[in-house]
Amino acid sequence: MALLRHYQGKGLALLRLYSQEVTHLERNSSDLAKCWRWKGSRHDYGKQKKFGSPYSLMFVPAILKGLFSSEEAEEANPETNLVSLIKRSILQMQARTITCSKGETEKAERLLHIALKMAQDLKHEKGITYVYDTMANLAFENGEYAKAQGLFVEVLRRLIGSGLPQDDMIVINISLKIADTFVALSEYEKGEQGFLFCIDTLKKKISAGASDEDTLMLLAQALDRYSLYLHHERRPKEAIQHIEKAIEIAESTLGTLDNKVGAILLSDMGVIKTAAGEKEVANQCFEKALDIAKKEEVDTSAAVIMVNRGVALGDYGSHEDAIHWCELGLQRALKENNTLILKAAEECLKANKNVKTSNYEKV
């Protein structure tokens, strides 16, 4: 799971629970086509655990379908080795997310470069595209946003060059990632244009009759990410409108918010409502999100929600409350054994305690 940290307010950045890693690998599959399947079924959104990071979260539609034909998958051939390398690299990425280990990152990069060379030697264009996308995800997780953007743009170029229309779900998904990189690089106008392109394109698809869960949930994801951008830009009314719409779509589509999708959307609503000064509503949102996240069957991180609550409160000026929630987040991160969240909690505590000390000295 990528904890994206580029939606920053006046002080600390929010932890993001979205996974930039769009790949869902089947345990027993030697077919690279299945590495890029849609994760749109209802149980994928919160009812069934996956292998790998216990924090992999919602809205993760795979971006390629049918990289290989079923006939290709049936035979043992060099593609099997390519699939194995990519699986290993992604497992290293997942391990790196939990441990923050530079060594895990380097292993993943080495494996991906070997996989790319192998795909190029095989002249397997779809395999090359797949590896580029995985490299882009890793670069994004490492904070190498310019590198990630270049790779995502290359993936998009290759996809459109292969004949995919601009309103294809795959293209929209990659475009959403590129919008994220623009925000991360402080190119906010381009980022906003990217979010709006994705939202408008998805709305047109729905108006034209698309009503499948994948389309609706990708729209919910785009609305949520745009709402956090608007929050960052200090446009609270617009942010509230978009997060409320995202929640409405998710609840209508999934039938409930009692899942990891609901936990994150409610947490994001809490962040936005805190900034808008609607503290009572924000508290209700955070409490609901935590109640969901603490359930054993809901595969998400309560620690992230606690830390984000602390960050939001600190940004609003409620430093005592911020310290309280970041301390709870720190303890929960220790329990979840997640170094990345632990570091974020420590940063939150340090920042808010420093502000408290500074204010005390002024008095």
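Just so it is clear, none of the values below were taken in a lab; they were calculated from the coordinates. Small disclaimer: the values here were computed from a predicted structure and weren't measured. Using ideal geometry, Cβ is built from the backbone for each residue, glycine included, and neighbour counts are taken over all protein chains shown.
Things worth noting here:
- Compactness of the stretch 259-332 as Cα Rg over 2.2 N^0.38 Å, two decimals: 1.00
- Calculated from backbone phi, Karplus (6.51, -1.76, 1.60) coupling profile of the stretch 215-232 in Hz, x at Gly/Pro: 5, 5, 6, 5, 5, 4, 5, 5, 5, 5, 5, 5, 4, 6, 4, 4, 4, 4
- Our analysis of the stretch 197-252 gives Rg over Rh at 1.00, with the two radii drawn from alpha carbon positions and Rh computed by the Kirkwood formula.
- Hydrodynamic radius by Kirkwood, which averages 1/r over all alpha carbon pairs of the stretch 192-337, in angstrom: 15.7
- Normalised per residue, the volume of the convex hull around the Cα set of the stretch 303-353 (Å³): 48
- Efficiency of FRET from Cβ geometry, Arg88 and Glu189, R₀ 25 Å, rounded to 0.05: 0.05
- Between Asp121 and Asn354, the distance separating the two model label sites (each 7 Å from Cα on the Cα→Cβ line) works out to 5.0 nm.
- The three principal axes of the C-alpha atoms in the stretch 118-224 carry coordinate ranges of 43, 32, 20 Å, sorted with the longest axis first.
- Take each peptide in 328-337, 182-191, 257-266, count the other Cβ atoms within 10 Å of every residue, and average; sorted highest first, the result is 257-266, 328-337, 182-191.
- Spatial offset of the stretch 105-136 relative to the stretch 218-275 amounts to 34 Å, using the alpha carbon center of each.
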